[in-house]
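Read through the structure below, which is laid out as structure tokens, and then see the notes.
Values in this text are rule-based calculations from the coordinates and carry no lab data. The structure displayed is predicted, hence computed values, not measured ones. For neighbour counting, all protein chains shown are included, and Cβ atoms are generated from backbone atoms with ideal geometry for every residue, glycine included.
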Amino acid sequence: MSFIFQQILFFISIALVLFVPGYFLILATWGKRKIFTDLEKFIISFGLSIVIIDFLMILAGKIGISLNIVTILLLILIFAATCFGIYKKRFKKEIVEGEERELAFSKNQIILIILIILLTLFIKTIYLTNTIFPTSTDLGHHMYWSKQISQTGELPVYEKMEITENNGDYQISEPQPIADFIIGEHLIFSAINLISRIPFISYFPSLVLLLINILGVLATFILTLRLFKNCEQGKNISIFALLLLGPLYTISSSQAKFVSGGVVGNILGNLLIPLSLYFYFRALKEKSSAFLTLALFITAGIFYTHHLSALVFVYVFAFALLTFTIFNLKNIIKYTRNWLNIIWSKPVIIFLLFTFIFSLFVYTPSYIETGAVETAVGGPSKATRAGLTFTQLKFTAGEARMVLGIIGLFMLLALRTRKTYASAILIGWVVAILLMSLKPQWLYLDIPSNRIANYISYPLSIAGAFAFVWGINQVKNIKFKKYYLNARVLYVLFLILATFTAVSGLYDNSQSLKDRGEYQKAVQTFNASDYLANNTGNEDVILKDHNYIIADAWIKLFFMRDYSYPLSRGFFKRYEDPVKKREMCTLWMISTPNTVNGKKCFEGTGTNFIMVNPDFDGSQFEKSKEFWKIYSNEQIAVYYKNI
Amino acid sequence: MNNKTIIYSLIILLAVSFMFLSFIEQGQRDYDHNKNWWVLYFNDIESDDLHFVIENHSDKNKFHWSIIKGKNKPSLEGDIEVRKGEKRTIKLDVAEYEDKKITIRVSDDEDKKEIYKDFNN
């Protein structure tokens, strides 16, 4: 396929899969009324489309319809046509009620927004230049499942074979269920692959993640705009939030590093969480059951996409509710009645019923089926789950962002506006993730704390933007003579603070830029994988190393036999895990192949091919008469066990 | 200027970024473009067949190969030219080499690689 043609197909597939369904759902729900600004509609269409496509593909897969290009296109077409029909019926006489002038930006503000987006995209693009070639472990694992969906046309069964021991004998078991993957992380990639025909081992997964990342940042932008709509400086706050979340610290974890690292669930979570909060806020503010229905829809999407993001959302929701209740205790009964009025409405009840039936009888997320929820609660079981220190969290969030965000949090708690929905949501969001990261034992959490901390930058950016913009605005109103203050001094202090923030964020970017990519080594891994895929059969068993081979997680895509195939010698420290006992065969077969244990494992598992980096693992095989060396490049040696 | 300006700008910027990164990745994926490596492997893995392949993705075109029986000196040698992007197969007759470890060594003056089959068992 020529490059230009491939690009055209890629853009068409993105438009069809990631924008069309959401746009038509908005059309069916609100017609062409100016409920949203054009930018909001653009971003919301994207988020809704991801969830819509997920549910459509799950439904089709469960009914038994094969998932291929025709099915995907038909699903999108039928959905869009149905929504259009509903729109035509409901909005016979289209009433365009007022423009959203309150959220209109000035010319200078629009230029500033575009410049911020340009800078954000520029820095991320430069970073990704060295990491766009697929090498990351997480992305390789996820794309295996996406490729399986595309190849089989069926929904994946999340299971993998394992090496088991029985009275000293080793064997490869039948596939066992695994809870690490959730279907929403894979369906959209399959859909794009099926339409565009671009292979999975290419740029497209990373570019889709980049798109989700950018739209996640913009979702936070429109959320900020709505939260501070009634604030005089609301637009400036949202633009500063865009600056804090956009170009500053734009490479660090949860941003571009997660894009190249393939942390699919987290990136999707950081889009869907702000989007769901956006809908919940508008549902409460405008007492709208339509907004509440879509808020619940996005929430369901979170639960079908990423278990950790779902858990974070639950805590954020709980803390927001708690915050609002505490600050509105006197009128809580009145508010509860208002909420129940919105909940007890036809669209909400129908949707809740639909979700209940869908989750029980159509498709239950894999982590619920395997009981993974129990492993995430109950208090920290390891040191890495016992909470981060404040310093560690500061480095994750970005120092300047952390400082501003904490100041913003205190300001929100102190001001009279803390009673509002906007403050409750923001305070709840910040406090929830702070506590989950710093004091998980208080919340009975048992999850790696650094993974939770990756969610902090979004709410901190909003809180920090509020602190800065509100603060600098207050300086204008201070009676300087009365307080013996010099206005110029205060403005200079704010300028210093802004400079510190910018320098800190951009310096963090510079530290994260990689010198060179690993594609030179990765292509050799893929060449070796291709060789083995073409020269082995189902009766052969391959074992490869994870420690010293680049892009090894992608090797499984050449075989598509099982998630665990080829077998893999994992990180050495995993074999010493005191909490979870690991099989040792994969370690012995590579590290000590000529020992009694090593030989027993070869015999029991039937492993007859070893793929290693010869600089680290060649000598133990070259000493043995049992192995032939059949393939050799700079990075990879393949040994065949002849006996 | 209105919100549509932001959307159009975003789309253009994303399109440019995507096309740039796609183009870069395509070059990175190419075995030959800006690469300097070569690989040596047997044509047939599991049989006694000793035909081997030199697949070249480096700037060097000239390769020297030698066949070593056991730990002896090379019993057969030769030179071969393999251009960048090409692969060449050298065919060997197995009958002479039974009951020995047969090592195939190939070098390009700077780098050397070996593969072998051991018929000693």
Let me confirm the definition first: pairs of Lys residues in segment A:518-641, 8 or more apart or on different chains, C-alpha distance under 14 Å. How many are there? 9
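In percent, what relative contact order does chain A have, based on Cα pairs under 8 Å that are 6 or more apart in sequence? Please list the in-between numbers first.
On the way: 990 pairs, mean separation 97.8, N = 643.
Once normalised by length, the contact order is 15 percent.
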Distance in Å, no decimals, from the C-alpha centre of segment A:173-225 to the one of segment A:54-76 is 17 Å
Exposure proxy order (Cβ contacts within 10 Å, fewest to most) of A:Glu286, B:Glu46: A:Glu286, B:Glu46
Please work out the Cα center distance from segment A:290-327 to segment A:340-368, rounded to the nearest Å. 14 Å
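Hey, got a sec? Which chymotrypsin sites (Phe, Trp or Tyr not before Pro) in segment A:294-375 land in a DSSP loop and have at most 11 other Cβ atoms within 10 Å?
Working: sites: A:Phe297, A:Phe303, A:Tyr304, A:Phe313, A:Tyr315, A:Phe317, A:Phe319, A:Phe324, A:Phe327, A:Tyr335, A:Trp339, A:Trp344, A:Phe351, A:Phe354, A:Phe356, A:Phe358, A:Phe361, A:Tyr363, A:Tyr367; in loops: A:Tyr304, A:Trp344, A:Tyr363.
Answer by residue number: A:Trp344.
Please compute, for peptide B:28-35, the average count of beta-carbon atoms on other protein chains lying within 10 Å of each residue's beta-carbon. Mind dumping the intermediate values first?
On the way: counts 13, 11, 2, 4, 1, 1, 2, 4.
Taking all residues of B:28-35 together, the mean is 5.
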In this structure, among B:Lys62/B:Lys100; A:Lys229/A:Lys330; A:Lys147/B:Lys101; A:Lys41/A:Lys89, pairs with alpha-carbon gaps over 31 Å are A:Lys147/B:Lys101
So, with +1 on the Cβ of K and R and -1 on the Cβ of D and E, and no other charges, what is the size of the charge dipole of the protein assembly as shown about its Cα centre, to the nearest 20 debye? 4680 debye
What value, in deg cm²/dmol to 500, does the helix sum -39500 (n - 2.57) over DSSP H runs of n ≥ 4 give at 222 nm once divided by the residues of chain A? -20000 deg cm²/dmol
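Per-residue counts of other Cβ atoms within 10 Å, averaged by peptide: what ranking do you get for A:631-641, A:607-617, highest first? Show your work: numbers first, answer last.
Numbers: A:631-641: 23.5, A:607-617: 20.5.
Most protected by this proxy first, the peptides run A:631-641, A:607-617.
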Here the cysteines of the protein assembly as shown without any disulfide-compatible Cβ partner under 4.7 Å are A:Cys83, A:Cys231
Mean separation of Cα pairs under 8 Å and 6+ residues apart, divided by the residue count of chain B: what relative contact order is that in percent? 21 percent
Going by Cα centres, segment A:17-43 and segment A:520-596 are how many Å apart? 46 Å
Looking only at lysines whose Cα falls under 19 Å of A:Lys334's and that sit 8 or more positions away or on another chain, we get A:Lys285, A:Lys287, A:Lys419
Return the long-range amide H neighbours of A:Glu159 (sequence gap of 5 or more, or a different chain), with a cut-off of under 5 Å between placed amide H atoms. A:Ile178
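Give me A:Arg401, A:Arg337, A:Arg282 ranked fewest to most by other Cβ atoms within 10 Å of their Cβ, as a rough exposure proxy. Walk me through the intermediate numbers first.
Values: A:Arg401 27, A:Arg337 9, A:Arg282 22.
Lowest to highest Cβ neighbour count: A:Arg337, A:Arg282, A:Arg401.
Can you sort B:Leu14, A:Leu506 from fewest to most other Cβ atoms within 10 Å of each residue's own Cβ? Intermediate results must be reported in sequence, preceding the final value.
Values: B:Leu14 20, A:Leu506 16.
With the fewest neighbours first, B:Leu14, A:Leu506 line up as A:Leu506, B:Leu14.
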Each label sits 7 Å from Cα toward the beta-carbon; between A:Asp530 and A:Lys623 the label points are separated, in nm, by 3.5 nm
Reach of A:Lys394 by Cα under 19 Å, taken over lysines that are not fewer than 8 positions away in the same chain: A:Lys257, A:Lys439
With point charges of +1 on the Cβ of Lys and Arg and -1 on the Cβ of Asp and Glu, referenced to the Cα centre of chain A, which listed residue (A:His142, A:Ser206, A:Phe24) lies farthest in the positive direction of the dipole? A:Phe24
If the cut-off is 18 Å between C-alpha atoms, which lysines fall inside it for A:Lys88, apart from same-chain ones fewer than 8 positions away? A:Lys32, A:Lys34
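Arrange the peptides A:2-8, A:436-442, A:586-592 so that the one whose residues have, on average, the most other Cβ atoms within 10 Å appears first.
Highest mean packing first, the order is A:586-592, A:436-442, A:2-8.
Considering only DSSP states other than H, G, I, E and B, which chymotrypsin sites (Phe, Trp or Tyr not before Pro) in segment A:19-52 qualify as loop sites with at most 16 other Cβ atoms within 10 Å?
Passing both the DSSP loop test and the Cβ count: A:Phe19.
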I'd like to verify something in chain A: which complete DSSP H helices, judged by Cα projection on the helix axis, reach 27 Å or more and average at least 0.5 on the Kyte-Doolittle scale? A:38-63, A:69-90, A:107-129, A:204-227, A:264-285, A:307-327, A:457-477, A:487-512
For segment B:27-39, just list the computed ³J(HN,Hα) in residue order, Karplus coefficients 6.51, -1.76 and 1.60, θ = phi - 60°, integers in Hz, with x standing in for Gly and Pro. x, 5, 6, 5, 5, 9, 5, 6, 10, 8, 8, 9, 9
Positive-end residue, chain B charge dipole about Cα centroid, Cβ charges, pick of B:Asn3, B:Ser17, B:His33: B:Asn3
Along the dipole axis of the protein assembly as shown (charges at Cβ: +1 for Lys and Arg, -1 for Asp and Glu; origin at the Cα centre), the most positive-end residue among A:Leu194, A:Gly387, A:Ser173 is A:Gly387
Per-residue Cβ counts within 10 Å, from other chains only, averaged over A:617-628: what number is that? 2
Along Cα→Cβ, 7 Å out, is where each label goes; now give me the distance between the ones at A:Arg488 and A:Thr595 in nm to one decimal. 7.5 nm
What is the set of long-range amide H partners of A:Ser568 at a cut-off below 5 Å, with H atoms built 1.01 Å from backbone N? A:Lys544
